[in-house]
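What follows is one structure encoded as structure tokens, with my remarks underneath.
The values are calculated or read from the model by the stated rules, or taken from the named source; none is laboratory data. Remember, it's a predicted structure, so these values are computed and weren't measured experimentally. Cβ coordinates were reconstructed from backbone atoms using ideal geometry, including for glycine residues, and neighbour counts include every protein chain displayed. For the accessible areas, the whole protein counts, side chains as well, though only heavy atoms, and no ligand, DNA or RNA atoms are used. Shrake-Rupley method; radii C 1.70, N 1.55, O 1.52, S 1.80 Å.
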Amino acid sequence: MFCGRNEHQVPVLLKGMHSSICSDCVKGAYDILETNNVSHAQSSHTHNEHKHNDIPLKTPVQIKEYLDKYVVGQDRAKKLLAVSVYNHYKRINHNHSSSKDEIELEKSNILLVGPTGSGKTLLAKTISRLLDVPFTIVDATVLTEAGYVGEDVESILTRLLQEADYDVSKAERGIVFIDEIDKIARKSDNPSITRDVSGEGVQQAMLKLLEGNVVNVPPKGGRKHPDQDFIKINTQNILFICGGAFEGIERRIAQRLNTQIIGYNRTKTQEVDKDNLLKYVDSSDLRSYGLIPEIVGRLPVLCYLDYLDKDTLRKILIEPKNSLISQYVKLFDLDGIKLIVKPEVLDLIVDTAIENKLGARGLRSICEKIFGDAMYEAPSLHHKTFTVSLSYAQKHLNEHQN
């Protein structure tokens, strides 16, 4: 017997091969387990194991195929991004499952360099939607060095935390897209009596985020103060994708490639595509533009985006799943009207976008000028079809230009 009492002294006696236990002892043992919270610890352990399960991975080919549905062109950028994102989350799975004596893989943040409207933000957004991880876009122009008017660099992680519904472990696997990073370039190499608080100061403050450290984050954003409660976030597994137009960097690339060399002692250089100098961008050009070497070193994956030509812009209008024209067709369809856009109207939209030098971002504003009056009038009309002709489009574009 477990407690020493016989079967006549207990309600129920459970007999085993070599010993017995009564129902009172069973109940007492259960109460002890409940008091010590053993069952909770076991369930918590199971929950943590589930929490750290591997992230479902898509292969680089699958990632690019998904990007192809929403992003037209930029094949090289899509391949490079697909490989980088795949390696990043493969690295997280490896580091969580590996033992201490195995190789620990380090992360590789990404820098996208390309003209405005070339698809930098769209690429990052689309990848985050595929992976179903917290994603936030931050404008670097509002950031300042700690202690000055503006937003602290840590506010970047506050937004990511909000996207993750304040689930820290989920936020620590998210993606942050820092846009307009070229706007925080060092203002001048000349010494000055004033601090560069929105340029080099921000770059210095960003180093700890990009490298991977535990950062104190104010849960509601804003400026930090000593009496505030902070949330600790480890940025080791957060993927940072930075993007910038780097306006004028082509001149620095041209100087480096000696494309303007003249004179009798001219040396023969490799053939250079002067119409697309951005394809030759490297880390030395970024440093001469104003990014500090430490920032460049923490953005090892450097990818350029091509200028969008006429054919690509036309495809952007009609081919992606959520193309602009299909969106307008749907808007009219909700009113029971079939929208027909003539092919020559598409050419006019593309030519105007190229003339304005706004890339794909300029397409919507042009479409709004053309379809604006139609969307105002059509719901009140009884016509079942609305056709946009070249003369109609030209008339409304001219009205907005005058």
* Structure fact -> Going through the range 315-334 in order, the residues found to be outside any helix (DSSP H, G or I) and within 24 Å of the chain's Cα centre (by Cα) are 319, 320, 321, 322, 323
* Structure fact -> Considering residues that are open to solvent by 60 Å² or more (accessible area, probe 1.4 Å) and either under 17 Å from residue 60 (Cα atoms) or among the acidic types (Asp, Glu) (or both), the number found within the range 121-138 is 3
* Just need a number here: residues in the range 226-266 that are open to solvent by 90 Å² or more (accessible area, probe 1.4 Å), of a type outside the set (D, E, K, R) and at pLDDT below 85. => 5
* Structure fact -> If you go through 111, 105, the only one that is open to solvent by less than 50 Å² (accessible area, probe 1.4 Å) and over 19 Å from residue 62 (Cβ atoms) is 111
* Matching residues in the range 275-314 - criterion: being surrounded by fewer than 16 Cβ atoms within 10 Å (Cβ to Cβ), touching a strand residue (DSSP E or B) at 6+ places or on another chain (Cβ under 8 Å) and outside any helix (DSSP H, G or I) -> 282
* To do: Search the range 322-360 for residues being of a type in the set (Gly, Ala, Ser) and in contact (Cβ under 8 Å) with a residue 40 or more places away in the chain, and hand back the single one that is surrounded by the most Cβ atoms within 10 Å (Cβ to Cβ).
  => 353
* **Filter result for residue 363 (buried (at least 16 other Cβ atoms within 10 Å of the Cβ) and either in contact (Cβ under 8 Å) with a residue 40 or more places away in the chain or over 29 Å from residue 73 (Cα atoms) (or both))** => yes
* Just one of (1) over 22 Å from residue 331 (Cα atoms); (2) modelled with pLDDT of 90 or more trips up residue 348, so point out which. => (1)
* Asked: Would you say residue 394 is under 19 Å from residue 72 (Cβ atoms) and modelled with pLDDT of 90 or more?
  -> no
